[in-house]
Amino acid sequence: MNKTYLQEATQFINQRVHSTATIGLILGSGLGVLADELEEAEVIDYHEIPHFPRSTVEGHKGRLVFGKLEGKSVIAMQGRFHYYEGYPLEQVTFPVRVMQMLGIKQLVVTNAAGGVNENFSAGDLMLITDHINNMGDHPLIGENDPELGERFPDMSQAYAPYLIQHAENCANQLNIGLQKGVYVANTGPSYETPAEIRMLRILGGDAVGMSTVPEVIVANHAKMDVLGLSCISNMAAGILDQPLSHQEVIDTTNRVRDDFITLVKLLIKSFPNEA
Ligand code: HPA
């Protein structure tokens with residue numbers, strides 16, 4: 001991690017906005033619309049921020065939005081960076097480091113994912129209870145900066161139990177169905193083969209995607225409390241007799257985004273303090 005880059009990016013942002021937010025949001029494919037709901041919004045495009053990578057995927061905007069959601073100050077990433085875009089994981093997770101520097105203590109991460117668990121359906125929302133890093137790479141490889149976190153961070157509660165509980169309570173209150181499960185991160189960019197999906201199921205995966213895990217590792221290193229939500233945008237390869245497409249991912253997330261937005265808004269409105 002290049003500390004100078006981090007400091008320059010943070011300094012730039014602090015000169016533009018005066019954020020007091022302690023809650024961060026990372027909005028995945030098709031879910032970025034939530035950032036449009038922020039009040040008193042101040043927006044910084046990624047390309048303006050020194051050393052920030054740029055978003056290259058369709059359906060992902062690239063900007064940081066500062067503002068209030070349900071009265072709470074938040075910082076939202078509208079669009080994220082993926083390993084498959086060619087960025088090293090250090091760059092993929094750079095925005096999480098910036099959030100750390102800006103004082104974020106609790107992080108809500110969202111994504112679109114394929115359903116591996118055969119009891120799921122496209123359009124389900126899944127609370128991430130744990131993850132499997134299947135990327136064959138790790139964002140913390142290299143020299144450790146003890147000011148940012150410890151060399152060997154604990155990952156036994158990577159998704160904070162009190163936030164899992166909170167999300168379940170909110171979904172119940174809204175009568176929104178919420179699956180729970182283990183998210184597996186693959187590099188992409190190809191979707192998986194049916195054999196790979198059978199393997200992931202045997203390994204304990206319930207959903208599969210191409211993001212989130214690197215950011216959650218860095219957030220844990222930064223001692224943030226994490227809440228993870230997946231929109232099951234499609235059933236994973238080989239489960240249904242149909243090919244997978246990015247269009248299906250976008251279409252399904254569009255279809256469920258009202259529920260998603262309602263849920264995240266309630267989550268934030270009554271967000272518990274750090275445990
Ligand atoms: N596999 C991997 N990543 C994904 C999928 C999938 O089926 N759907 C959305 N992101």
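The values are calculated or read from the model by the stated rules, or taken from the named source; none is laboratory data. Note that the structure is predicted; figures quoted are calculated from it, not measured. Note: ideal-geometry Cβ built from the backbone for every residue, glycine included; neighbour counts use all protein chains shown.
Per-residue answers, yes or no, for (1) in contact with a strand residue (DSSP E or B) (Cβ under 7 Å, 6 or more places away or on another chain); (2) within 17 Å of Asp124 (Cα to Cα):
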residue	(1), (2)
Thr193	no, no
Leu200	yes, no
Asp206	yes, yes
Val216	yes, no
Met224	yes, no
Pro272	no, no
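Table: residues versus (1) in contact with a Pro (Cβ under 7 Å, 6 or more places away or on another chain); (2) in contact (Cβ under 8 Å) with a residue 60 or more places away in the chain; (3) surrounded by 15 or more Cβ atoms within 10 Å (Cβ to Cβ).
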residue	(1), (2), (3)
Ala185	no, no, yes
Pro194	no, no, no
Arg201	no, yes, yes
Thr212	no, yes, yes
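Filtering region 165-188 to residues that are away from the ligand (no atom under 16 Å from the Cβ) and under 15 Å from Gly205 (Cα atoms) leaves only Lys180. For Ala195, the criteria (1) touching an Asp or Glu at 6+ places or on another chain (Cβ under 8 Å); (2) among the small types (Gly, Ala, Ser); (3) part of a helix (DSSP H, G or I) hold in every case but one, which is (1).
The rows are residues; the columns are (1) more than 21 Å from Val216 (Cβ to Cβ); (2) part of a loop (DSSP other than H, G, I, E, B).
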| position | (1), (2) |
| --- | --- |
| Phe12 | yes, no |
| Thr20 | yes, yes |
| Leu25 | no, no |
| Glu40 | yes, no |
| Ile44 | yes, no |
| Phe52 | no, yes |
| Gly67 | yes, no |
| Ala76 | no, no |
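Checking each residue in region 23-43 for being modelled with pLDDT of 95 or more and buried (at least 18 other Cβ atoms within 10 Å of the Cβ) picks out Ile23, Gly24, Leu25, Ile26.
Okay, residues lined up against (1) at negative phi; (2) more than 18 Å from the chain's Cα centre (by Cα); (3) of a type in the set (Ser, Thr, Tyr); (4) assigned to a loop (DSSP other than H, G, I, E, B):
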site: Thr129; (1), (2), (3), (4): yes, no, yes, no
site: Asp145; (1), (2), (3), (4): yes, yes, no, yes
site: Glu150; (1), (2), (3), (4): yes, yes, no, yes
site: Lys180; (1), (2), (3), (4): yes, no, no, no
